[in-house]
Amino acid sequence: MSTGDLRVGVVGVGHLGRHHARILGGLPGVRLAGVLDLNRERAREVAAACKTEAFNDLSELPGAVDAVTIAVPPESHLGVALPLVEAGLPVLVEKPLARSVGEADRLLEAARTRGVTLAVGHTERFNPAVAAARPHLGMPRFIEVHRLGTFPERSLDIDVVFDLMIHDLDVILSIVNSPMVAIDAVGVPVLTPRIDIANVRLRFASGCIANLTASRISRDRVRKIRVFQPDSYVSVDYAAQELEVWRLVRPAAGAPTIEGGKQAVTNEEPLKRELVDFVDAIRTGRTPGVTGEDGRRALDAAEQITAQMTMAGEPPMAAEPAGER
C-alpha cells in the first residue's frame, strides 16, 4: 500500500458509481486513482469530471490502486470482485454482495485467505438518522418498514427484494440480535417479469415481528422504519434523515406520561459516510461498518424470502443482461 494518499479505484461508474468517484475524489487522504467501466466513453467522461484516469481493463488495477469500490450490476459482482480480492486489494462491493449466497461465500473465503477488507455497500446503515436511533433500540418487539419508490430506469435486472428491501433487511438484522424462524411473503410482478412489489412478515426467535413492504411502482416515495418496544417507540425517516423517539415515563407517584419527540440528527450524505468508513477500516485494520458477513446475512434473508415466494407460486429472480446501476 502506498505511504501517502490511499489510492482508490472505482469499477462501474453508472448512476451510483459516479457518486463513488465524486466523493472519493474529494476525501482528505484519498486519491481517486482511476475509474473503469464497460462503457469506455462513460468512463472517460467521469474520469475527466473527476480529474483522474480511465482504466481499460480490470488487470490494470493491481499495482495502480490500494483499494477498489465496485458499483457494477449484481450479476458481475463475483467476476469483478474475486480477482481483485485474490490480488490482495481491499474492496467495497455495492449491495447485494453477490447474486447468491454461494457466490458470496467464495468472496468471503478469498478475503479471509488473503487477509483483506471486504465491505458491503448497505448505505442505510450509514444514514445519520439510523446511527442516532441505535442508542434508543434495546428490545424490538414489532418493526414496520415501508420503502416505496417510483418506477426506476435502472436495477431492473433484479427484483424489488434484492434491489430495495435488502436495505431494510440489513438494518433489521443488525438491530434484532436473534435468528429468523419464520417467513410469510408475497410478491407481485406488475410492470416487469420480476417482483415489483413485495410484502414480508418475519418472525424472530426473540418473538420480534418485522413487517416490510417494498415497492418500485408507487406514486410516492416513502422510506421509513418504525420500531416498537416495551415503553418506547422509535421512528426513522431515512429520506429526510429525521428521528423521533417517544417513551412512556412511569413516575414514582402519579400517572405515567409520554415524553419525547424529534431528536437531533446531523444530516450528511450516507454514501460519503460509507466511503469514509471503508477508507478508515483499511488504514486502521479494523472491521468495516458493514462486513462481508453482514452482506451475506442480508443476502441469505433475501434468498429465503424469494424462495418462499416461489413456493407460493411467485416467479423467482431471473438472471438476464443487466442495465446501468
message: If each residue of separation counts as 0.36 nm, what is the full-extension length gain between D280 and L248 once their alpha-carbon separation is subtracted?
response: 7.6 nm
message: Using the Cα centre of the chain as the reference point, and only Cβ charges (+1 on K/R, -1 on D/E), how large is the resulting charge dipole? Debye, rounded to the nearest 20.
response: 700
- line: Of all DSSP beta bridges with both partners in the chain, the antiparallel percent, nearest 5, is 60
statement: Yeah, the range 176-246 with a ≥ b ≥ c from its alpha-carbon gyration tensor (a/c under 1.5 is rounded, else prolate when a/b outruns b/c, oblate otherwise) is oblate
- request: Give the shape of the range 101-250 as rounded, prolate or oblate, defined through the alpha-carbon gyration tensor: a ≥ b ≥ c are the square roots of its eigenvalues, a/c under 1.5 means rounded, and otherwise the shape is prolate if a/b is larger than b/c and oblate if not.
  value: oblate
query: Three principal axis extents, largest first, for the C-alpha atoms of the range 10-163, in Å?
result: 50, 37, 34
- request: Quick one: grab the alpha carbon gyration tensor of the range 169-295, order the square roots of its eigenvalues as a ≥ b ≥ c, and give me rounded if a/c is under 1.5, else prolate or oblate depending on whether a/b is larger than b/c.
  value: oblate
- prompt: Relative contact order, percent, of the chain when contacts are C-alpha pairs under 8 Å separated by at least 6 residues?
  reply: 20
statement: Calc'd 3J(HN,Hα), the range 124-136, phi into Karplus 6.51 cos²θ - 1.76 cosθ + 1.60 (θ = phi - 60°), Hz, glycine/Pro = x, comes to 5, 5, 9, 5, x, 5, 5, 4, 5, 6, 4, x, 9
- prompt: Leaving out same-chain residues fewer than 8 places away, which lysines sit with a Cα under 23 Å from that of K51?
  reply: K272
- prompt: Residue by residue, what Karplus-based ³J(HN,Hα) values in Hz, rounded to whole numbers, does the range 61-67 have, using 6.51, -1.76 and 1.60 with θ = phi - 60° and x for Gly and Pro?
  reply: 6, x, x, 9, 9, 9, 7
statement: Answer check: the range 2-59, Cα atoms, Kirkwood Rh, Rg/Rh ratio of 0.95
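Read the figures in this text as sums done on the coordinates, not as results from a lab. Keep in mind that what you see is a predicted model, and the values were worked out from it rather than measured. Because the Cβ atoms are built from the backbone with ideal geometry, glycine has one as well, and the counts that use them run over all protein chains shown.
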